[in-house]
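Note sheet for the following structure.
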Amino acid sequence: MRIDLHTHSRVSDGTDSPAELVAAAAASGLDVVAITDHDSTAGWPEALAAGAEHGVTVVPGIEISTEYAGHSVHLLGYLLDPTLPELVTQLDHVLAGRSARVPTMVSQLQEIGIPITEDDVYQQSAEAAATGRPHVADALVALGVVGHRNEAFDRYLSWGRQGFVDRYNAPLEEVIRLVAEAGGVTVIAHPWGRSGRHEPSEEHIAGLVALGLGGLEVDHQDHPPSTRDALRAIARNLDLIVTGSSDYHGTGKTGHPLGVNTTDPAELRRLLDRAAAASAAAGRPTPQVVLP
Ligand code: AMP
Ligand code: ZN
Ligand code: FE
Ligand code: FE
């Protein structure tokens, strides 16, 4: 059984529709794929229908933008009830903050002579739950200012660059609690990715386990082998679920093809068991997944 537990569609900053994403998962030989758009579950119904059509098991998930001790942390949530009011409030706050900074980003880029308009950006995010930096990047590609999304981030959109504007992140500890309350399971996405720093530390992760954290995404393209080994050891020490995934974004992210990293079936079974227990404890109806 081949399992990929972290992918994006056009509902956030992927380039496939949810149905195209699931069809691509089937074509690449995956048996199970999770749809985990940033801060939105709007792609779930279409992805689940496509899963039934293509014979792929779809795990409904989300990747939530959070902040912990001043660091950005992406938190994956699986099999939660997305209607929990406090969770909806946090997600709406993140989505609104993401979209609200577009005018400022555009005017900051105009100040350095780039002929970009807000409409150029919104054309790129027509099907998305919010408009983010990846859509500004796509607009810069469409205008011929840069050749690829990565180049747009490196030159204009990363922290400290002319187009950068900060936005709201939800408090990590509160979101871990809310996903548990919504009957779901949490996994920290690429815990030591990108920044290159070992944040959060094992001690911090132990504190998060006490709040209900369920697992760590160990096998991710941002993690070199030494990082994977260290994270696997922490997961073992703290009895956490270990996941692996592609973080596929269609053509929006190079080097992240579907199934490039996968999750062990025994780890997925642990995740499903934990989700069933969380759902029972929360007394909330949550999505159910039956493995092939
Ligand atoms: P935002 O939430 O609007 O600030 O956009 C952040 C998102 O942009 C991240 O979650 C990534 O999916 C994406 N991203 C960040 N850095 C890059 C990069 N260098 N190339 C492509 N996508 C990126
Ligand atoms: Zn993304
Ligand atoms: Fe992420
Ligand atoms: Fe992601």
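So the values come out like this:
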read-out: Farthest positive-ward along the chain dipole, Cα basis, beta-carbon charges - from T66, G160, N237; value: N237
read-out: Cα-based Rg of region 139-224 normalised by 2.2 N^0.38 Å, two decimals; value: 1.41
read-out: Once the Cα gyration tensor of the chain is diagonalised, semi-axes √(5λ) in Å; value: 30, 21, 19
read-out: Max mean-square fluctuation residue, GNM over the chain, Cα-Cα springs under 10 Å, options H198, H190, H74; value: H198
read-out: Mean Cα-pair separation over length for region 1-141, i.e. relative contact order, pairs under 8 Å, 6 or more apart, %; value: 20 percent
read-out: Sequence-separation-based contact order of region 102-157, relative, with Cα cut under 8 Å and 6+ spacing, percent; value: 27 percent
read-out: Charge dipole of the chain about the Cα centre (unit charges at C-beta), most positive-ward option of A27, V260, Y248; value: V260
read-out: Candidates G244, G77, G212: whichever shows maximal mean-square fluctuation once the chain is modelled as a Gaussian network with Cα springs under 10 Å; value: G212
read-out: GNM top mover of D154, D229, D37 - the chain, alpha-carbon springs below 10 Å; value: D154
read-out: Protection proxy ranking, peptides 113-121, 172-180, average beta carbon neighbours within 10 Å, highest first; value: 172-180, 113-121
read-out: Lys/Arg +1, Asp/Glu -1 at C-beta; the chain dipole; positive extreme among A126, A276, A139; value: A276
read-out: Burial ordering of W44, W159, W192, fewest other beta-carbon atoms within 10 Å first; value: W159, W44, W192
read-out: Cut-off under 5 Å, modelled amide H: who pairs with I62 long-range; value: G77
read-out: Size of electric dipole in region 183-242: Cβ of Lys, Arg +1 and of Asp, Glu -1, about Cα centre, debye, nearest 20; value: 60 debye
read-out: Low-density loop positions, chymotrypsin sites (Phe, Trp or Tyr not before Pro), region 64-124 - DSSP coil, at most 13 other Cβ in 10 Å; value: none
read-out: Computed magnitude of the charge dipole of region 102-157 (debye, nearest 20; Cβ of K, R +1, Cβ of D, E -1); value: 140 debye
read-out: Three semi-axes of the equivalent ellipsoid, region 82-176, Cα gyration tensor, whole Å, largest first; value: 27, 14, 11
read-out: Region 185-292: trypsin sites (Lys or Arg not before Pro) in DSSP loop, at most 14 other beta carbons within 10 Å; value: R194, R197
read-out: Percentage relative contact order, the chain, counting C-alpha pairs under 8 Å, at least six apart; value: 23 percent
read-out: Sorted by Cβ density within 10 Å, fewest first, the residues D222, D92; value: D92, D222
read-out: For S9, S125, S107, S17, order by how many other beta-carbon atoms lie within 10 Å, fewest first; value: S107, S17, S125, S9
read-out: Tail fraction, Cα-Cα pairs, region 102-157, threshold 17 Å, whole percent; value: 25 percent
read-out: Total charge dipole magnitude, the chain, about the Cα centre, Cβ charges on Lys, Arg, Asp, Glu only, Debye to nearest 20; value: 340 debye
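Coordinate-derived values only; no laboratory data. Keep in mind that what you see is a predicted model, and the values were worked out from it rather than measured. So basically every Cβ, Gly included, is an ideal-geometry build from the backbone, and we count neighbours across all protein chains shown.
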